[in-house]
Structure formats: structure tokens, C-alpha cells
């Protein structure tokens, strides 16, 4: 979509038409024709729907997902997507003479770090998780790596029919999910996080060790896959830079 030919490409035009003192500009609350797109059918043909969407029979849920939905749950967890203000900020200590204002996004009382695991999940099993936003007015698209989940309840009310996801918005309502770890192998790490970049970048992520036995927790960092190490190291560096920036501002 190009700039309208009738509109000068200047900061003054942006200010006059959109109230934005910068170029390029766009307005989301003032209706303005920005461009006209002509769509021509390929090879002179065009396909017109012959039935309404509600008349279309959707494919059934795969047998694999049906089996996962019926898999017995072996454990339950509560996943907290949290915003906190002030210091100490989650697990970050601070007892200096001046306490700077700070806002942090974390999970289960921690900012993301490759040195912290929220617990274990067992390869080839399913669990039930309650995913909660604190405070509830904030939206967090909850995302799980290599583990699909079935949203079964919203604020305790059954979802009919339940739907499979790997990302689901937690906003105003808490979700109960049936999450399965059949794509994961013992020794790997499972990562969950908020999919909003400005929340993820400063700590709203969490990892679990994938174990063969629920009692086997002594796997250490050597159990991490290379990709997961890179992900967690990147997040940890971002959190560290953000914290150093706050401390520099404080002093």
C-alpha cells in the first residue's frame, strides 16, 4: 500500500490529516483513504463460494488429539503470569538507599533465567494446569513450546467444545488446560511464556525439566537442548540488561 498520490509526503501533511507530527504516519481513529488495491482473478477466472460458512462441514479432530484428550492426568500445576512493581523485583534483591520505581513481568514469582526450573514434566504424559493472570486486567497470550494443550474451562466453567491450542489469550478470565508432553523427550527442556514481546523480553517465561521419572530431578544443565539453552540465555541477557538499566538510572 503506497502513500496516496494526492497527499503530500511531508511531516506537515501527517500533522494536518492525522494529527501526527512525524512522517510516515497513519491514523487508527480517523477514516482516511490510504490506497486502493485492485484484485484481478488469475487467468481470467474467479471462484465464488457456493455455500455459507455454517454449511461447511469441518474435518473431525484427529485421532491423535482425541487420544491425548482422553489421556489420564498425572499431575496439576498453577501457572501465574504476574506483573509486580517496586523492589525487590521477583527474585532480584535490592536494599540500596534509594529504591527506584520498577515494573517487572514474571511467572510463578520469578523472572526468566536459565538457572531456574519451575519443576518437572514427564515425557509422554498429560497434566492439568490452571493458568492465571495477576492482576487479571492484563492480557497475556500464553504459549507453550512443543506441547499442545486443550482449553477445558474458563473461570471454572466448562468450554464446550474444548479446543486445542499452543497459544491462548489469558485476559480477565483464568484458563484450565489439559496439556500433554508427548512430543518431548527426557533430558529436554519445555519452555512456556507470554507471547507479548515487551513482557517476554523482561522476564515473563519459565522452563520445566522433562523427565522420564517424576522423582528424577537431578538432570542439570547438560540435559538442555542447544536450542533451549539459546532461548533461555537470550531471555536472561535481556532481563539482566533491563535490571542494569534501572540500577544505572537509580544512581
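Of note:
- Total residues in the range 169-200, condition surrounded by 17 or more Cβ atoms within 10 Å (Cβ to Cβ) and not in a loop (DSSP other than H, G, I, E, B): 15
- Any hit, the range 80-90, residues being in a strand (DSSP E or B), within 18 Å of residue 211 (Cβ to Cβ) and touching a residue at least 12 places away in the same chain (Cβ under 8 Å): no
- Qualifying residue in the range 127-136 (condition: assigned to a loop (DSSP other than H, G, I, E, B), under 17 Å from residue 199 (Cα atoms) and touching a strand residue (DSSP E or B) at 6+ places or on another chain (Cβ under 7 Å)): yes
- Test set (1) more than 19 Å from residue 202 (Cα to Cα); (2) in a strand (DSSP E or B) - residue 98 fails condition number: (2)
- Filtered residue count, the range 114-145, keeping only those that are modelled with pLDDT under 90 and surrounded by 17 or more Cβ atoms within 10 Å (Cβ to Cβ): 2
- Unique residue being within 18 Å of residue 68 (Cβ to Cβ) and free of Cβ contacts under 8 Å to residues at least 40 places away in the same chain when the list is 145, 153: 153
- Condition broken by residue 38, with the remaining ones in (1) modelled with pLDDT of 70 or more; (2) over 32 Å from the mean Cα position of the chain (by Cα); (3) surrounded by 10 or more Cβ atoms within 10 Å (Cβ to Cβ) satisfied: (3)
- Among residues of the range 146-168, those that are closer than 19 Å to residue 205 by Cβ and loosely packed, with under 15 Cβ neighbours inside 10 Å, counted: 2
- Matching residues in the range 61-79 - criterion: being touching a strand residue (DSSP E or B) at 6+ places or on another chain (Cβ under 8 Å) and either in a strand (DSSP E or B) or at pLDDT below 85 (or both): 61, 73, 74, 75, 76, 77, 78, 79
The values are calculated or read from the model by the stated rules, or taken from the named source; none is laboratory data. Nothing here was measured: the structure is a model prediction, and the numbers come from that model. Here Cβ is always computed from backbone atoms with ideal geometry, including for glycine, and neighbour counts include all displayed protein chains.
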